[in-house]
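Below is one structure; the comments refer to it alone.
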Amino acid sequence: MLSGQVEALNASGQTDEAIRLSVDLAWDHLDRVRPWEAHFVLPTDLDRKGSTAVVNEESRRVLSAADAAVWVAKGGDLDIYVPKFDALLADDYNKVRAAVFLCEEAIAESRLDIVRERAVVLESLVNRSSSIMDEQLRVLVVRLQMCLADVSGEWEDLVRQVHRAQPRRVLAWLYARYARYLALSGDGAGSQHFYLEAIERASAEKLFDEAADWLYALRTVRFWFDVSAGDPQHPIAQALRPHAKPSALPGSPHTSELALKVAHDYDRPHEAVQMAQRWRWQAYVRAQLTDELHAEKILGVLLEQQGDALGAASCYIRSGDAKRAKSAANSFPEEPAHVSSSIHVAVPTSRAAAYAVVATVSDLLTDEDVKLWADKALEEISQDVEGFRSIDPSPYVYAFDLLESVADVLDDHRAMRAIQQIESLFATPTARLRQADRQVVNTLLSFAERGHEIALTLLVQPLLTDQRMAELICVGIKRGKRLCGAAESSSVLGRS
């Protein structure tokens, strides 16, 4: 029907109006994960030789932005779209829609700087659009506000602002997005509270599909942060599913299924990556935290298969898969590397994966990066015992792997901090030491090889008192002769 209106407008010479309607259709298709349909509704013959269409500059800018968005949704780089958005003027048609696309795509890719650099423009856009009463535009403004809050952290102000101004279904969505933000910021208790609020409100509005997805997100948060949590979420979510209607939130009910299906089709690698990216975007927008982590892992596998080890490692870090992250890091090119310290660092499993990558490629990092990550690892192993809990993969364990890998280049101050922390572990052995005993021994051996006498002293102590530690030390000593030289030059073994 709307396509017929576009044809009628074009036939009557109302080209600008036809372009606006085509662009609206394209944005709607993109919101429903239909990039090819979006591609086909946009006009492509405006500049064709012989065309008599007269198009104003605003329409050209709006069309150019929508066309670039389609290419991004079809698997193109977001950098294709950024300059097209920047070219839009303040009063250009449907700029809020274009801004929402930019922000959601950037945050889904963990490229928050794109949003941060345009915060003033985006906030101004929100202020100009907030007074408009159109329901569709109001929801778009909320989507833009949620993105800005994800970047600025000013979620409390947003919650207070929209609490009475938005329908309950929108408020439930906003609470779920806030819960996702809190989880990735390390606030497990706050995240659980707001996911529960979102689930309660969604259930009251009979949004059972959303409620079930958020129950699984809640389970993930409890796995990360709540040592005493059981698992009642799965049976409740399964009980809700038969009563659910397809979600009205942006996305499609078939996105995850299609992404998983095409991921196993080795003849269509580009399409596989594109669908995994669409799944990740949808999971982020809907606050489906568990799905978001799964999509990141699938995308990492696909990128690794295609030889993009750097991109794969970043995906594995975000998904918290330390073993795959380490495997991808082994394929890094022999050139200077950088591991971002801002990727979900408050999430324990993501920290573990990041430590695994840094430990593997420490020889490719700059001295500044090594110091930064060494400080993070030192902070990790210095956690309060009361705040410690075992989780797999454990950031505590991988932090020692990192310190072992950089022991040769650490300054004496950082080396002594690490050794003193290990000394305190030996003084009062706990489950923490048993969890990371091999990594602790290897770290001490690395420091001993550098000639730190206190490290040798600590290695000697368990030989007669702890069979497990003694075996690990003997295995470690077989790694090379440098330790033997260090021991010969020390008085420790003589006193022993």
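None of the figures in this text is laboratory data; all of them are computed from the coordinates on show. These numbers were taken from a predicted model, which means no experiment stands behind them. In this analysis, Cβ positions are derived from the backbone assuming ideal geometry, glycine residues included, and neighbour counts consider all displayed protein chains.
Relative contact order for region 306-359 using alpha-carbon pairs under 8 Å, separation at least 6, rounded to a whole percent?
About 45 percent, as a whole number.
Restricting to Cα pairs below 8 Å that are 6+ residues apart, what does the relative contact order work out to for the chain? Please round to a whole percent.
Relative CO of the chain lands at 8 percent.
What does the charge count near Arg61 come to, summing +1 for each Lys or Arg and -1 for each Asp or Glu among other residues with Cβ under 14 Å from its Cβ?
Neighbourhood net charge equals -2.
Where in region 252-312 are there chymotrypsin sites (Phe, Trp or Tyr not before Pro) that are in a DSSP coil and have at most 16 other Cβ atoms within 10 angstrom of their Cβ?
Filter output for region 252-312: Tyr266.
Any idea what angle helix 168-184 forms with the longest principal axis of the chain, computed on alpha-carbon atoms, 0 to 90 degrees, nearest 10?
Result, in degrees: 30.
So, in nm, how far is label Leu433 from label His193 when the simple model puts each one 7 Å beyond its Cα toward the Cβ?
3.8
Mind giving me the FRET efficiency for Lys245 and Trp36? R0 is 22 Å, r the Cβ-Cβ distance, nearest 0.05 is fine.
Approximately 0.30, to the nearest 0.05.
Taking the Cα centre of the chain as origin and charging only Cβ (+1 Lys, Arg; -1 Asp, Glu), how large is the dipole, in debye to the nearest 20?
The dipole magnitude comes to about 1040 debye.
Which pairs, out of Lys261/Lys323; Lys95/Lys261; Lys74/Lys95; Lys95/Lys297; Lys245/Lys326, put more than 30 Å between their alpha-carbon atoms?
Going by Cα-Cα distance, Lys95/Lys261; Lys95/Lys297; Lys245/Lys326 fall outside the 30 Å limit.
Compute the angle between helix 467-477 and the longest alpha-carbon principal axis of the chain, please, reported from 0 to 90 degrees and rounded to the nearest 10.
Value to nearest ten degrees: 80.
Explain nothing, just compute: Karplus ³J(HN,Hα) = 6.51 cos²θ - 1.76 cosθ + 1.60, θ = phi - 60°, for every residue of region 413-427 in order, whole Hz, x for Gly and Pro.
4, 5, 4, 5, 4, 5, 5, 5, 5, 5, 4, 5, 5, 5, 5
So if each residue of separation counts as 0.36 nm, and I subtract the Cα-Cα distance between Arg111 and Glu368, what length gain in nm does that give?
Here the answer is 90.3 nm.
Do any GluC sites (Glu not before Pro) in region 124-178 lie in a DSSP loop with no more than 16 other beta carbon atoms within 10 Å, and if so, which?
Here the GluC sites (Glu not before Pro) that fit, given the DSSP loop and packing criteria, are Glu154.
Order of 178-189, 461-472, 78-89 by packing, highest average Cβ count within 10 Å first?
With the highest mean Cβ count within 10 Å placed first, the list reads 178-189, 78-89, 461-472.
May I ask you to order 115-121, 435-441, 368-374 by the average number of other C-beta atoms within 10 Å around their residues, highest value first?
Ranking the peptides 115-121, 435-441, 368-374 by packing returns 435-441, 368-374, 115-121.
Highest mean first, how do 241-247, 200-206, 16-22 rank when packing is the count of other Cβ atoms within 10 Å averaged over residues?
Taking the mean over residues of other Cβ atoms within 10 Å, the ranking is 16-22, 200-206, 241-247.
Just to be sure I understand the model, the point goes 7 Å from the Cα along the line to the Cβ. What's the resulting Asp86 to Asp408 distance in nm?
Spacing of the two 7 Å Cα→Cβ label points: 4.2 nm.
Taking only DSSP H segments of four or more residues, each worth -39500 (n - 2.57), what value at 222 nm results for the chain once the sum is divided by all its residues, to the nearest 500 deg cm²/dmol?
Only helices count here, giving -21000 deg cm²/dmol.
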